[in-house]
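Reviewing the structure listed below.
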Amino acid sequence: MTSIHVAERVRRIKPSPSSSAADRANQLKREGRSIVSLVVGEPDFDTPAHIREAAAKAMNAGATRYTALPGTVELRQAIAAKLKRENGLDYDITEIIVGNGAKSVIYTALAATLEPGDEVIVPAPYWVSYPDMVLACDGTPVAVACTEDEGFKLTAQKLESAITPKTRWLILNSPSNPTGATYSIEAYKALAAVLARHPHVLVMTDDIYEHIRFEGGTAPHLLNAAPELRERTLAVNGVSKTYAMTGFRIGWAAGPRELIRALDTLTSQSAGNSCSVSQAAAAAALNGDQSFVAESLATYRERRDAIAAGINAIPGLSCRLPEGAFYLFVNCAGLIGKRTPDGKVLATDNDVVLYLLERVGVAVVAGTAYGLSPYFRLSIATSIEILNDGLARIAKAVGDLA
Ligand code: PMP
């Protein structure tokens with residue numbers, strides 16, 4: 001028997017906790033249990049028709065071959081136009097690279113820049129993938145806990161104390177997954193003042209939820225507050241969340257040419273170009289009718305308001321109203337120490353999450369996966385009927401605790 005050697009860089013990471021939670025919920029469903037899954041972070045809407053039609057048209061017109069490696073000129077022009085129109089940022093198409101989703105672009109950027117032991121500052125709660133990607137690229141994630149009192153946002157003081165000579169990147173995600181926290185121009189200015197003292201630190205902005213912002217309009221960008229950071233900022237984004245295009249796998253990064261060139265080089269020997277048909281669809285999304293964006297936002301807002309109010313009415317649970325994205329990050333400190341009908345004491349948010357799954361079939365993800373406890377993340381990217389069912393079940397489970 002040959003035993004397969006798995007590289008240390010894989011052994012030091014774990015599969016995405018949200019994918020694992022979704023798998024577990026699906027498994028229970030297959031076993032015949034009634035499960036309400038509030039786990040996944042993907043829009044429940046169909047991709048708008050004009051975008052699907054653009055994909056079909058492109059495929060039938062012969063867009064079935066390799067494309068330019070950093071992305072088609074048409075898509076990079078659409079991205080440059082979008083960055084100008086929506087974000088007030090000027091990028092040439094040679095300063096943009098397209099990849100297989102924002103996820104792969106972020107990974108490529110880390111792989112292209114991290115030396116062993118380089119530190120990456122990741123404000124917590126964070127998107128589950130950042131620390132593991134950093135680890136896979138031989139870096140050291142430095143999680144900085146940002147409390148609910150701080151609006152789950154990184155403060156200038158905390159940034160200052162986290163920076164060392166080994167810091168390579170700061171990753172900022174606004175609006176944030178899992179909290180929805182969104183930085184204002186003033187908050188960005190305070191962070192930029194710290195960064196001005198540490199010119200060796202690069203900044204990655206993950207702007208994937210920029211349009212899911214309940215105040216309306218695109219979320220402010222770090223570079224709007226601090227244009228002087230342009231030469232060391234990589235702005236990452238994609239079409240997955242804004243246009244309900246998760247399966248198309250198109251994301252991109254815009255940044256200084258030297259950095260983009262490094263990403264191009266690594267991509268040329270790894271993923272290659274992104275799917276030709278998906279690139280045509282993404283260009284149609286960016287250049288076409290934008291009414292889907294406002295319509296879906298209105299639906300997310302109704303769900304957010306209703307479900308946050310419902311959560312806040314359950315004794316022992318609370319959540320602040322997220323400013324963006326499509327999650328509620330629920331504080332469950334009030335349940336810690338309570339006893340389940342089986343006599344088990346809930347000691348951690350993991351226990352709470354397991355209890356909700358076992359007792360009432362509600363699947364959510366524990367705060368520990370995002371680097372801050374005791375919380376759980378509940379996705380509102382599902383119908384209000386399912387959300388209300390989930391809420392009623394959570395209320396019942398909490399009511400059964402002693
Ligand atoms: N960043 C964040 C914060 C996310 O939540 C996600 C999706 N879960 C991504 C990036 C990845 O998006 P994409 O589909 O473009 O890879």
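Every number in this text was worked out from the coordinates using simple rules, so none of it is lab data. As the structure is a computational prediction, the values presented were derived from the model and not from experiment. Reconstructed Cβ throughout: ideal geometry from the backbone, glycine too, with neighbour counts over all protein chains shown.
What the table shows:
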quantity: For the range 341-347, 3J(HN,Hα) per residue [Karplus equation, 6.51 cos²θ - 1.76 cosθ + 1.60, θ = phi - 60°, Hz, x = Gly/Pro]; calculated: x, 7, x, 8, 8, 6, 9
quantity: Helix 276-287 axis, angle to the chain major axis (alpha carbon atoms, nearest 10°); calculated: 80
quantity: Packing-based ranking, highest mean first, of 151-157, 370-376 given that Cβ atoms within 10 Å are counted; calculated: 370-376, 151-157
quantity: Listed peptides 66-77, 164-175, 239-250 by packing density, highest first (mean Cβ within 10 Å); calculated: 239-250, 164-175, 66-77
quantity: Residues with amide H under 5 Å from that of MET204, placed H, sequence gap 5 or more; calculated: LEU170, ILE171, LEU172, LEU234
quantity: Partners for LYS396 among lysines (Cα-Cα distance below 28 Å; same-chain residues under 8 apart left out); calculated: LYS29, LYS338, LYS344
quantity: Rel. contact order, % - alpha carbon contacts under 8 angstrom, at least six apart, the chain; calculated: 23
quantity: Relative contact order (%) - the range 209-254, alpha-carbon pairs under 8 angstrom, separation at least six; calculated: 29
quantity: Neighbour net charge for GLY361 - beta-carbon separation under 14 angstrom, K R +1, D E -1; calculated: +3
quantity: Cα lying deepest toward the dipole's positive end in the chain, options LEU89, LEU356, ALA162, charges on Cβ; calculated: LEU356
quantity: Hz values of 3J(HN,Hα) by residue in the range 131-148 - Karplus curve (6.51, -1.76, 1.60), Gly and Pro given as x; calculated: x, 5, 5, 4, 4, 5, 9, 6, x, 10, x, 10, 7, 10, 5, 10, 7, 4
quantity: Cα long-axis angle, helix 384-399 against the chain (0 to 90 degrees, to the nearest 10); calculated: 40
quantity: Helix axis angle, 257-268 relative to the chain longest principal axis, alpha carbon, degrees; calculated: 80
quantity: Long-range amide H partners of VAL365 with built H, under 5 Å; calculated: ARG377
quantity: For the range 64-70, 3J(HN,Hα) per residue [Karplus equation, 6.51 cos²θ - 1.76 cosθ + 1.60, θ = phi - 60°, Hz, x = Gly/Pro]; calculated: 10, 10, 3, 10, 3, 4, x
quantity: Within the range 342-402, trypsin sites (Lys or Arg not before Pro) in DSSP loop having at most 15 other beta-carbon neighbours inside 10 Å; calculated: LYS344
quantity: Two-site FRET efficiency, LYS29 against ASN287, from Cβ-Cβ distance with R₀ of 35 Å, rounded to 0.05; calculated: 0.35
quantity: 5 angstrom amide H check on TYR327, placed H, neighbours 5+ away; calculated: ILE380
quantity: Environment charge at SER37 (Cβ cut-off 10 Å; Lys +1, Arg +1, Asp -1, Glu -1); calculated: +2
quantity: Cβ-defined net charge surrounding GLY272, 15 Å radius [Lys, Arg +1; Asp, Glu -1]; calculated: +1
